[in-house]
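For reference, the structure is listed below as structure tokens.
The values are calculated or read from the model by the stated rules, or taken from the named source; none is laboratory data. Just so you know, these numbers come straight off a predicted model, no measurement behind them. Every residue, glycine as well, gets a Cβ built from its backbone with ideal geometry; the counts of neighbours run over all protein chains shown. Each accessible area value is taken on the protein alone, full model and side chains, heavy atoms only, with ligands, DNA and RNA left out. Shrake-Rupley method; radii C 1.70, N 1.55, O 1.52, S 1.80 Å.
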Amino acid sequence: MKVCELIDNHSFKVLAQGDLERSISSVYSCDLLSWVMAKGKNDTAWITVQTHSNILAVASLLDFSCVIIPEGIKVESEIIDKANEQEITILSTDLETFEIFKIMYEAGIK
């Protein structure tokens, strides 16, 4: 699945736009940044409730496909601006994490 397919086929909103043609090969959810850094891998869609600038550092370091903010959690414009500068895709959805995993699983991403 590509990031753009997630946007086009489901209720995801683009907050910051990186490469929307990137493939998503796995999905991961965790809010402890050191744990994400230890377990994350390239081309991951990372689901987190964190919205501070450190998520950009982690997403960039691990070359994630996108960061997904669930449950309609607001992201400050400063973070969105930084993500756009760094070409890191941030998506927002009203869905809960479980529902996002279900979408990914049904698309063959595990």
*Of the residues that make up segment 83-97, is at least one surrounded by fewer than 18 Cβ atoms within 10 Å (Cβ to Cβ) and of a type in the set (Gly, Ala, Ser)?*
no
*Can you tell me how many residues in segment 66-94 are in a loop (DSSP other than H, G, I, E, B), more than 13 Å from the chain's Cα centre (by Cα) and touching a residue at least 60 places away in the same chain (Cβ under 8 Å)?*
1
*Starting from residues that are open to solvent by 100 Å² or more (accessible area, probe 1.4 Å) and either among the aromatic types (Phe, Trp, Tyr) or assigned to a loop (DSSP other than H, G, I, E, B) (or both), keep the ones in segment 98-109 and report whichever is farthest from residue 55 (Cα to Cα).*
105
*Those residues of segment 1-60 which are of a type in the set (Asp, Glu), open to solvent by 70 Å² or more (accessible area, probe 1.4 Å) and outside any helix (DSSP H, G or I), in sequence order*: 19, 21
_Single condition residue 97 does not satisfy, out of (1) more than 20 Å from residue 35 (Cα to Cα); (2) in contact (Cβ under 8 Å) with a residue 40 or more places away in the chain; (3) out of contact with any His (no Cβ under 9 Å at 6 or more places or on another chain)_ = (1)
